[in-house]
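A.B. asks: My questions all concern the structure below.
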Amino acid sequence: MWRQILDHAPAHWTVIACQHLTDEEREYEIDIIVLIPDHAIVVLEVKSGSVWIDETGQWWQGRSGAEHRIDPLRQVELGKYAVRRYVESDPR
C-alpha cells in the first residue's frame, strides 16, 4: 500500500509508514500517514488476511485459521487525533 501511494502521490506530499506515537494515555501504531500541505493529514489502517463485516456491522479479521474482532475505524480515528495533537504541539 505504501509503495502504491508513493508511486502516485505528488512530490510535495509526505508519506510516512509504520509510525509509532506515545502520549500520556497510550501507544499508537499508525500504518500510513499522508501529509498533504495546506490541506489534510490522512491516516490509513492496513490489514492483512481476510477482513469482512458481519450482518451486525462488526468487523472481523481471519488469519492462519483464526478469526477475531477488529475495529479499524476506531484504530485509525485514535491514530488520527494522536498525529494531530503531535503536529499541533510542535512549534515548527
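A.B. asks: Exactly one condition in (1) touching a strand residue (DSSP E or B) at 6+ places or on another chain (Cβ under 7 Å); (2) surrounded by 12 or more Cβ atoms within 10 Å (Cβ to Cβ); (3) without any contact (Cβ under 8 Å) to a residue 24 or more places away in the chain; (4) basic (Lys, Arg) is false for Arg69; which is it?
C.D. replies: Checking Arg69 against (1) touching a strand residue (DSSP E or B) at 6+ places or on another chain (Cβ under 7 Å); (2) surrounded by 12 or more Cβ atoms within 10 Å (Cβ to Cβ); (3) without any contact (Cβ under 8 Å) to a residue 24 or more places away in the chain; (4) basic (Lys, Arg), the one that fails is (2).
A.B. asks: Quick test of your reading of the structure: Arg74 fulfils all but one of (1) open to solvent by 80 Å² or more (accessible area, probe 1.4 Å); (2) part of a loop (DSSP other than H, G, I, E, B). Name the failing condition by number.
C.D. replies: If we test Arg74 against (1) open to solvent by 80 Å² or more (accessible area, probe 1.4 Å); (2) part of a loop (DSSP other than H, G, I, E, B), just (2) comes out false.
A.B. asks: Then there is this: Could you list, in sequence order, the residues of the range 23-53 that are over 16 Å from the mean Cα position of the chain (by Cα) and more than 13 Å from Arg85 (Cβ to Cβ)? It would help to see each step written out before you state the result.
C.D. replies: Here is the first cut: in the range 23-53, the ones over 16 Å from the mean Cα position of the chain (by Cα) are 23-25, 37-39, 49-50, 52-53.
Within the range 23-53, Pro37, Asp38, His39, Gly49, Ser50, Trp52, Ile53 qualify.
A.B. asks: Now, a different point. Do the conditions hold for Leu35, that is, is it in contact (Cβ under 8 Å) with a residue 24 or more places away in the chain and not polar (S, T, N, Q)? Please lay out each step first, then the result.
C.D. replies: Values: in contact (Cβ under 8 Å) with a residue 24 or more places away in the chain: no; not polar (S, T, N, Q): yes.
No, not satisfied.
A.B. asks: What number of residues within the range 77-92 are open to solvent by 60 Å² or more (accessible area, probe 1.4 Å) and part of a loop (DSSP other than H, G, I, E, B)? So that I can check it myself, show each step before the final result.
C.D. replies: Taking the range 77-92 as the starting set, the residues that turn out to be open to solvent by 60 Å² or more (accessible area, probe 1.4 Å) are 77, 80-81, 84-89, 91-92.
From what is left, the residues that are part of a loop (DSSP other than H, G, I, E, B) are 91-92.
Matching residues across the range 77-92 total 2.
A.B. asks: Next up: Are there any pairs with C-beta distances below 8 angstrom linking a residue in the range 2-26 that is closer than 15 Å to Val43 by Cα to a residue that is open to solvent by 60 Å² or more (accessible area, probe 1.4 Å) and hydroxyl-bearing (Ser, Thr, Tyr), with the two at least 6 apart or on different chains, and if so which?
C.D. replies: Short answer, once both residue conditions are applied: Leu21/Tyr86.
A.B. asks: If you don't mind, another one. Restricted to the range 1-58, and to residues that are in a strand (DSSP E or B) and of a type in the set (Ser, Thr, Tyr), which residue is least open to solvent (accessible area, probe 1.4 Å)? Spell out the reasoning first.
C.D. replies: Step one: list which residues in the range 1-58 are in a strand (DSSP E or B), which gives 14-22, 27-36, 40-44, 50-53.
Narrowing the set further to residues that are of a type in the set (Ser, Thr, Tyr) leaves 14, 22, 28, 50.
Details: Thr14: 66, Thr22: 108, Tyr28: 12, Ser50: 68 Å².
It comes out as Tyr28.
The values are calculated or read from the model by the stated rules, or taken from the named source; none is laboratory data. Here the structure is a predicted model, which is why all the values come from computation and not from measurement. Virtual Cβ from ideal backbone geometry, glycine too; neighbours counted across all protein chains shown. Surface accessibility is based on the protein's heavy atoms, side chains included, excluding ligands, DNA and RNA. Shrake-Rupley method; radii C 1.70, N 1.55, O 1.52, S 1.80 Å.
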